[in-house]
Every structure is written in structure tokens, then in C-alpha cells.
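Laboratory data are not the source of any read-out in this text; all were calculated from the coordinates shown. What you see is a predicted model; the values in this text were computed from it and never measured. When we count neighbours, we look across all protein chains shown, and the Cβ atoms used for this are built from the backbone with ideal geometry, even at glycine.
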Amino acid sequence: MKIYTKTGDKGDTALFGGKRVSKGELRIESYGTIDELNSYVGLLRDQDVNKKRKNVLVEIQDRLFTVGSILATEPGNTKVQIPSLVEEDITFLEKEIDTMESELSPMKSFVLPGGHPSVSFGHITRTVCRRAERLVIRLNLVEKVEPLVIAYLNRLSDYFFVLCRKMTKELNAEETPWQARM
């Protein structure tokens, strides 16, 4: 299989099922951002502090491929088989969040991103996840999107926020509270 097909040279691409659409469409922007997010999750997975979380992060990456497949499929096309997202995928994230939070002090304010390069990578991942969520919500305004996709992305960004706090603790980095100037 060749990596280049030349079929997109004029600015269009094919959805699963074959329908050709502009690469500028919101659907393409949505699953392209999911792909970007998945790359950042890989960067997080490669951080030494996350060695013990490798399997969780690989699971998340796998689910992001599922989300991308769902978004890359023409709405209403039942001829294409794609993997499914299930409620247990969200429950999985919630359990991981709860486990990490049980080992953290309660938050008393917003925290500024940073404190250690690994934590900063985590916050970038979180914000890309939030952007992906916003794009999918915008897509849902014009074409129905599987509700679990939106819920999954919402919970995933929560997971990344708590992961950043957990990494901060494990790395003995400073968590800087935001102090609003009033």
C-alpha cells in the first residue's frame, strides 16, 4: 500500500464509505484534531513519570482511533463497519480520575499550567482535547454526532487535568495556584 495516492491533491478527501468532501470541512477538522490529540497522548505516554500509566494511555489512544473512525464515517452510512465507543469507556476514565484524586490534596483554586516539562505536555494535551471537544460540539450542531463521543472527550479532558496534578505530585514539582489580581 502506497502512502501517497494523489487523490487529495485538489483539497478533498474521502470519508469511510467513499464520499469525497473538502479537507476544509468541520468534520475533517474535528477528526484531524483527534489525530493531533492522539499524538500528544503519545508524547505524554513517553514521559518517564507515566511509565506506570502506559497501559491506560495506550487504551486512551485506542479509543481516540475509535472516535476518529466514528467522525470519519459519513453520517447514516451503515455499510461501513467501525469500532464502537461504549459507556464503559467513560466509566474507565472516571475510575482512573477517582483513583488519582484520592491521592491528591483538594483543589482550592485554579492552577497555572506548568511546573515541569512533563506536566506542561499534559496541559497541552488537555487543551487540545478541549479544542477537539469544541469542534465536535460545533459539528453536532450541523450533523448529528454520537453523544458518547462528546461525553468521552469531556471526561478525557478532565482525566488529563487530574493527570497533570498527579504528575506534579509525583515529580515533586510546584503546583502554582492562580491568584487573580483584584
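Quick look at the values:
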item	result
T73 long-range amide H proximity, modeled H, under 5 Å	F16
Lys, Arg +1 and Asp, Glu -1 on Cβ, resulting dipole of the chain about Cα centre, debye, nearest 20	500
Ranked I3, I90, I60, criterion: other C-beta atoms within 10 Å, fewest first	I3, I90, I60
Longest DSSP-loop-exposure-free segment, trypsin sites (Lys or Arg not before Pro), the chain, at most 13 other Cβ within 10 Å	24-78
Charge dipole of the chain about the Cα centre (unit charges at C-beta), most positive-ward option of G17, P83, V111	G17
Fraction in percent of alpha-carbon pairs per bin - 10 Å, region 132-182	22, 31, 25, 20, 3
Angle between the chain longest axis and helix 117-142 axis [Cα atoms, degrees, rounded to 10]	40
Cα pair count fraction exceeding 20 Å, expressed as % - region 84-144	51
Region 1-125: relative contact order in percent, alpha carbon pairs under 8 Å with at least 6 residues between	26
Principal-axis tilt of helix 54-71 within the chain, Cα atoms, nearest 10 degrees	30
Cα shape, region 53-102, gyration tensor, a/c 1.5 rule	prolate
Filtered GluC sites (Glu not before Pro), region 13-101: DSSP coil and at most 16 other beta carbons within 10 Å	E25
Entries of K6/K54; K79/K144; K54/K166; K54/K95; K51/K95 with Cα pairs more than 26 Å apart	K6/K54
Stretch in the chain that is longest and holds no chymotrypsin sites (Phe, Trp or Tyr not before Pro) that DSSP places in a loop and that have at most 11 other beta carbons within 10 Å	5-109
Spherically averaged projected area of region 1-64 from its Cα convex hull (nm²)	5.8
Cα-based Rg and Dmax for the chain, where Dmax is the largest Cα-Cα distance (Å)	18.1, 60
Rounded tilt (10° steps) of 87-101 against the dominant C-alpha axis of the chain	20
Residue exposure sequence - M107, M182, M167 - by fewest surrounding Cβ within 10 Å	M182, M107, M167
